[in-house]
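Input: a single structure, listed below in structure tokens.
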Amino acid sequence: MRFPSLRFLAGPALLALALTPVLAAQQTAAEKTAEQVFKNIQVFKGRPASELRPTMSFIASSLGVRCNFCHVQPFSADTKPQKRTARRMIEMVFAINKANFNGRPEINCFTCHQGHTEPNGALSIAADAPPAAMPAGGRGAGRGAGRGGFDRTNLPTAAQVLAKYEDALGGAGALAAIRSETMTVQQAMMGRTMTLHMVKQGGKFALTEGAGRAGYDGSRYWSWRGRGAVAPAAGEMATELAIYNGLYPAAGLDAAKARVFARVPFEGGKAYLMAARTANGFVRYYFDASTGLLRRIITGTPTYLGMLPLQVDYSNYQSVGGGVKLPFTMQFSNHERTWTQTVSNVKLNQPVEASALAAPAGGN
Ligand code: HEC
Ligand code: HEC
């Protein structure tokens with residue numbers, strides 16, 4: 001399944017069967033382990049079940065293949081030799097990281113495979129060397145920006161960068177006066193467009209796409225396909241929903257947990273690169289050094305092997321009334337694809353029914 005961008009809501013989820021137990025296991029007090037949820041787990045024993053699916057996406061993308069490169073139905077079967085080879089490779093990667101990197105996921109499938117089933121071990125002619133295809137681990141992303149351009153002199157503090165950002169959006173007073181927000185979002189992906197309706201109020205939000213809905217109820221991310229039970233959102237879907245949380249991008253980011261690392265080249269200008277620690281590792285923020293506006297977030301979904309990256313680029317900041325500016329264009333990029341969201345019809349402080357924010361009744 002390639003959920004990002006709410007494909008999950010839109011249609012029959014590929015592998016819904018494999019996915020459902022993962023969703024059910026997510027966010028319970030004591031999360032189930034992979035072997036408690038899946039049938040034939042040998043190398044991933046003891047790890048959280050909810051991270052199995054993103055881990056499979058990580059592996060497939062690293063090798064440039066689809067699930068059926070290793071799997072036949074049922075997914076627990078060990079029919080294909082590729083699946084058995086993959087197990088050996090996973091053990092090798094865990095052993096390398098344990099022996100050399102204190103268990104940190106420095107080496108992963110992408111390190112060698114670079115999008116191919118058979119790694120090319122030969123040195124390439126410099127002129128032909130391809131640029132690194134994707135920021136595989138969370139850490140690679142920062143390096144991809146080009147270490148040479150990093151300037152660490154006279155950096156502002158995280159609190160100063162966030163204060164300038166707030167001012168650029170309209171100032172603390174104007175932002176505090178926003179009680180609710182509704183907007184329409186046109187999403188274009190792979191030649192198709194869909195319309196999302198988004199409602200935000202009081203630390204909660206909900207979005208509707210066709211019959212499907214998803215949101216945040218103040219304590220957890222949920223999703224509903226328009227039938228059946230409401231499920232906690234997990235994996236890449238939870239990562240994407242977290243991007244929508246808050247009345248403006250990166251709202252609620254705590255300066256005490258963030259640090260400015262460098263001034264880096266960014267689209268012809270400069271940006272401050274700030275990193276903040278979250279439960280899932282680091283999230284990177286790029287703030288325009290001259291305007292103060294947030295231009296990019298790089299976050300990720302944890303897997304057993306490293307982070308599956310998600311980058312969001314913000315542009316086209318426009319006034320939405322009340323002295324406030326918000327970005328009207330968001331470009332999302334992950335390990336597989338890019339898609340664009342265009343905002344319209346933003347309304348601030350319209351009355352919002354409680355039902356517009358609640359997960360549908362009958363769910364868990
Ligand atoms: C390169 C090989 C490879 C690819 C590609 C791959 N998998 Fe896997 N998959 C594995 C291995 C190996 C295991 C068993 C892990 C273990 O033993 O702990 C596994 C286990 C699973 C399981 C658990 C099955 C069970 O009940 O035991 C599911 C579900 C799964 N994969 C789904 C997927 C999906 C969905 C994709 C495509 C996004 C995918 N896999 C791509 C190698 C692969
Ligand atoms: C240190 C480098 C390295 C790393 C890291 C690595 N591989 Fe490999 N992998 C190889 C090489 C080299 C081959 C080709 C071996 C051969 O041809 O006998 C290979 C082959 C494979 C194959 C067989 C491909 C085929 O065509 O049948 C699979 C599947 C595979 N790797 C999965 C993985 C997975 C999954 C990971 C991450 C958990 C991983 N590899 C990490 C080097 C690596």
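The values are calculated or read from the model by the stated rules, or taken from the named source; none is laboratory data. All values derive from a computational prediction rather than experimental measurement. Here the Cβ is made from the backbone with ideal geometry for all residues, glycine too, and neighbour counts use every protein chain on show. Protein only, heavy atoms only, side chains kept; ligands, DNA and RNA dropped before computing areas. Shrake-Rupley method; radii C 1.70, N 1.55, O 1.52, S 1.80 Å.
Test G246 against the criterion of being small (G, A, S) and part of a strand (DSSP E or B), and give yes or no. For G246, the condition - small (G, A, S) and part of a strand (DSSP E or B) - is not met.
Taking each residue of the stretch 215-233 that is closer than 18 Å to A356 by Cβ and looking for partners that are aromatic (F, W, Y) and open to solvent by 40 Å² or more (accessible area, probe 1.4 Å) with beta-carbon atoms closer than 6 Å, six or more apart or interchain, yields V230/W224. What residue, among those in the stretch 54-69 that are of a type in the set (G, A, S) and at negative phi, is surrounded by the fewest Cβ atoms within 10 Å (Cβ to Cβ)? Of everything passing the filter in the stretch 54-69, A60 is surrounded by the fewest Cβ atoms within 10 Å (Cβ to Cβ).
Taken as a whole, the condition of being in contact (Cβ under 8 Å) with a residue 40 or more places away in the chain, among the aromatic types (F, W, Y) and either more than 18 Å from M330 (Cβ to Cβ) or more than 16 Å from ligand 2 (Cβ to nearest atom) (or both) does not apply to Y285. When the residues of the stretch 52-96 are filtered to those that are in contact (Cβ under 8 Å) with a residue 40 or more places away in the chain and away from ligand 2 (no atom under 14 Å from the Cβ), the one that is nearest to the chain's Cα centre (by Cα) is R53.
Between R220, R263, R227, R259, the distinction of being open to solvent by 10 Å² or more (accessible area, probe 1.4 Å), of a type outside the set (A, V, I, L, M), in the same structural domain as R337 (by TED's automatic domain parsing) and under 17 Å from the mean Cα position of the chain (by Cα) belongs to R220 only.
Scanning the stretch 105-118 for residues being under 27 Å from the mean Cα position of the chain (by Cα) and either at pLDDT below 90 or within 14 Å of ligand 1 (Cβ to nearest atom) (or both) gives a total of 8. Look at the stretch 338-357: where a residue is over 17 Å from S319 (Cβ atoms) and a partner is in a loop (DSSP other than H, G, I, E, B), sitting 6+ places away or on another chain with Cβ atoms under 7 Å, you get W339/S5. The listed residues are V72, V93, and the only one of them that is open to solvent by 30 Å² or more (accessible area, probe 1.4 Å) and not assigned by TED's automatic domain parsing to the domain that holds P232 turns out to be V72. Strands (runs of 3 or more DSSP E) fully within the stretch 274-364 that include at least 1 residues being within 16 Å of ligand 1 (Cβ to nearest atom) and surrounded by 20 or more Cβ atoms within 10 Å (Cβ to Cβ): 294-302, 307-319, 325-334. Those helices (runs of 4 or more DSSP H) of the stretch 50-126 in which 3 or more residues are closer than 21 Å to R337 by Cβ occupy 52-63, 109-113. Among the residues of the stretch 194-208, are any at pLDDT 95 or above, over 13 Å from Y244 (Cβ atoms) and of a type outside the set (S, T, N, Q)? The answer is yes, given that some residue of the stretch 194-208 is at pLDDT 95 or above, over 13 Å from Y244 (Cβ atoms) and of a type outside the set (S, T, N, Q).
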